[in-house]
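First the structure, in the form of C-alpha cells, and then the observations on it.
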Amino acid sequence: MVPHWDPRTQACLPALTMAGLPSRLDLIEAFEKADDHQGVAGCHPGETLAMLELLTAVAYAADVYPETSTEWRAWVTGRRPFTDVADWLRQQPDEQWNFFHPDRPLFQNALLAPFMNQHGVGTSQIVMHHVGDYVQLFDRHHLHHGEPFTAADAFVAVITQHVCGNGGRGMIPGNLLGAALNNQAMCRAGQRVHVTALGRTLGDTLRLNLHPHDGDPGSYNYSWTDRPRRSFTAKPTARIPDGPADLHSVLGRSILTRPARLPDGTWGVDRVLMGAGDIVDLTHASALQDAVIEKNAPLKASAARALWREAHSLYAATARREKGMDLYGRLAMLPEGHRVTLWTVGLLARPGKLIAWVNDAFPYIPGRETALRQASEEGCAVAEYVAAALDDAAYAAWRIAYPNPKPADKQSQLARFKAAGEHFAATEPLFHELLDEAAEGAPVPEALTTYATEVRSNAERFLTARLRSLPPSSQGHRASTEAREKLEDTLNNPRKAPTYLRKEQPA
C-alpha cells in the first residue's frame, strides 16, 4: 500500500480552545474553526511561530487576503471568516498534499530518497529542541536512535525546521547532492526578533497578520521538486520570493522522512535526512513588515538583554509607522480601544549551537501609542539605571572587603555583591504592569512613580541580602555602609538619576 498522510484532514496542529484546553486541528479545521480557538500552541515559541507561518502561507495560496490597508481594516473589525480557505483546501488534488508522496512529498525533498537507507538517522534530527547542533547528543536524545514519530509530529517538526532551523554544518554527508548540502544556513525566524499581532482568537490573529498585497500571491512551496531550485554544488545566491505565499512557505531545509507503519497501524516516520535548503532575500519591505529597527538594523535576540528591556524599541516602531505601510501603521488604523498583543519571538543561537527561544508579549491599543512609548522608554531607563547603581554599590563593597585582591579573582569576588540579576528578574513583572496601566489609560507619570518606587525598594532589599555575607567585623560593617550609601547617593543623583526614581521630587 502506498503511504499516504494528508494534513488537511489529519489532526496535526497543536492549539488551545477558547477555554484554554489543548486541542489538535487539521488544516481545514484550523480555518473553519479559527474563531473557536485562542490560537496555535506549539511546545516552544518557534514551533508556534512556524504554525502561524504555515497558516498564513495557505491563506495567501488560496488567494484569500486583503489587497489594501482599508480592506485589511474591514477584515479585522468585521471578523471576516476563513471558510473560503477551507473550501480551497478541500478542492486541492490529494497527491499535492500527501506528506509521503514518492515523487513530491509535501514540504520535502525527494532527491534525498536514494540515500535514505544508508545515511538516514533517527527522528530526533528534525526536532529543534532535541538536536541542538544537528550532530551531537542533546536533551538525552541520540540522533541515530530516535523513536519513531507519528506523521503529525513529524509534519510539525518539518515545518518548524523550514521556518526556524539553526545554521551550522549538518549530519548529512556533503557528497550526496553536492558539497554545499550539509552547510545549513539559519532560517528566516532565527535571524531577527519577529513580532506577531495576537488577537482574541486564532482567526483574529490571522486577520491581523495577513498584510495587504495587491497582485498575484506568488508560488506556494508544496515540495522541493515542484519548481526550479538551487543546486548544492556551489554556494547559492539568495533569491527574492515572488509573493507572500512564497515568502511564508519557504523550504529552509532539504528534508526527507521515511514512512513506517506504527504499532497501531497508522503511518509514521522512522528515519530522516536533512540538509541545506532554499536561501531567500529577507531585506525587502514585504519580509520586514513586523521588523523592529534599532540602530539601522532589525532587532535580534540577546542573551544579555531580555526582550522586555527592548520594549522601547518596539513602541518606537509603532510611533514611527507610516499609515498602512507596515504592521504598526495598520494597527494604528484600528478603532480606539481595539486591544492587540504584540508577541515578540527571538532565537538565541550560534552556528551549530541552539541555545534557547526568548519571547514576550506587550499590549498595544490604537490612540495610546505615545503613552506606551513614554512608559516603556522611561520604565526601561529606570531599570537600567538601577542595575548600574547596584553594580556601583557592589564595587564599593568589594573595594573595602578585598583591599589586596588578585586581578584574576576580581570578577568572582565582585559577583558576591552584584544584585543586578535579581533586580532584572523582579522588575520584569513590574514593567509589564506599568505597560498595562498605560494601555488602559492611567496617567503615565503616576504609573511611573509607583513603578520606580517599587523598583527602588526592591533594589535596596536585594543589595542588603547580598551584603549579609560580609563578616561581623569593622571591615565588614564599613563595606556594607559604603555600599548602601553609594546606592542611595546614585539613586538620588539630581543630575543623572531618572526623575521618578529620586526620593525627593523636584518642585
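The values are calculated or read from the model by the stated rules, or taken from the named source; none is laboratory data. Since we're looking at a predicted model, the values are computed, not measured. Using ideal geometry, Cβ is built from the backbone for each residue, glycine included, and neighbour counts are taken over all protein chains shown. For the accessible areas, the whole protein counts, side chains as well, though only heavy atoms, and no ligand, DNA or RNA atoms are used. Shrake-Rupley method; radii C 1.70, N 1.55, O 1.52, S 1.80 Å.
Some points to look at:
- With the simple model of a label 7 Å out from the Cα in the direction of the Cβ, residue 219 to residue 94 spans 2.7 nm.
- Mean residue ellipticity (222 nm) of the chain, computed from DSSP H runs ≥ 4 via -39,500 (n - 2.57), nearest 500: -12000 deg cm²/dmol
- Over the chain, relative contact order from alpha-carbon pairs under 8 Å, at least 6 apart, %: 14
- Lysine pair count for the chain (Cα-Cα distance under 19 Å; residues 8 or more apart in sequence or on different chains): 6.
- Size descriptors for the range 411-503, from the alpha-carbon set: Rg then Dmax equal 15.6, 52 Å.
- The share of accessible area on the chain that comes from carbon and sulfur is 51 percent, using a 1.4 angstrom probe.
- Stretch in the chain that is longest and holds no GluC sites (Glu not before Pro) that DSSP places in a loop and that have at most 12 other beta carbons within 10 Å: 68-321
- The charge dipole of the range 137-267, taken about its Cα centre with unit charges on the Cβ of Lys, Arg, Asp and Glu (plus for the first two, minus for the last two), comes to roughly 440 debye.
- Other-chain or far-sequence residues with amide H under 5 Å of residue 325's (modelled H): 330
- Integer Hz, Karplus 6.51/-1.76/1.60 couplings in order for the range 411-422, x for Gly and Pro: 5, 5, 5, 4, 4, 4, 10, 7, 10, 4, x, 5
- Net length gained if the chain between residue 234 and residue 416 were fully extended (0.36 nm per residue, minus Cα distance): 60.3 nm
- Tail weight of P(r) past 14 Å, computed on alpha-carbon pairs of the range 457-503, percent: 54
- Accessible surface area normalised per residue over the range 308-389 is 37 Å², counting heavy atoms of protein chains with a 1.4 Å rolling probe.
- Proximity of backbone amide H atoms, modeled 1.01 Å from N, is registered between residue 210 and no other residue at under 5 Å, excluding neighbours fewer than 5 places apart on the same chain.
- To the nearest 10, the accessible area of residue 70 is 100 Å² with a 1.4 Å probe.
- If a spin label sat at a point 7 angstrom from the Cα of residue 283 along the line to its beta carbon, the backbone N atoms of the range 224-255 nearer than 13 Å would be those of 238-240.
- Debye-formula intensities of the chain, expressed as log10 I(q)/I(0) at q = 0.06, 0.12 Å⁻¹, are -0.35, -1.09 (one equal scatterer per alpha-carbon, no solvent).
- Residues in the range 222-272 average 43 Å² of solvent-accessible surface per residue, probe 1.4 Å, ligands and nucleic acids excluded.
- Each residue of the range 161-173 is assigned a 3J(HN,Hα), and the resulting list reads 4, 4, 8, 10, x, 7, x, x, 6, x, 7, 5, x Hz, derived from the Karplus form 6.51 cos²θ - 1.76 cosθ + 1.60 (θ = phi - 60°), x at Gly and Pro.
- Taking the Cα centre of the chain as origin and assigning +1 to Lys and Arg Cβ atoms and -1 to Asp and Glu Cβ atoms, the resulting dipole is close to 1920 debye.
- The string of couplings for the range 357-362 from the Karplus curve (6.51, -1.76, 1.60, θ = phi - 60°) is 8, 10, 8, 7, 9, 9 Hz, one whole number per residue in order, with x for Gly and Pro.
- Within the chain, the longest run free of trypsin sites (Lys or Arg not before Pro) that sit in a DSSP loop with at most 16 other Cβ atoms within 10 Å is 201-294.
- Stokes-Einstein D in µm²/s, Kirkwood radius over Cα pairs - the range 202-269 at 10 °C with 1.306 mPa s viscosity: 103
- Inter-label distance for residue 74 and residue 478, nm, one decimal - labels placed 7 Å from Cα along Cα-to-Cβ: 7.9
- Look at the dipole of the chain built from charges on Cβ: of 121, 284, 30, the Cα furthest out on the positive end belongs to 121.
- The simple spin-label model puts a point 7 Å past each Cα toward its Cβ; for residue 242 and residue 24 those points are separated by 3.5 nm.
- Residues with amide H under 5 Å from that of residue 240, placed H, sequence gap 5 or more: 281
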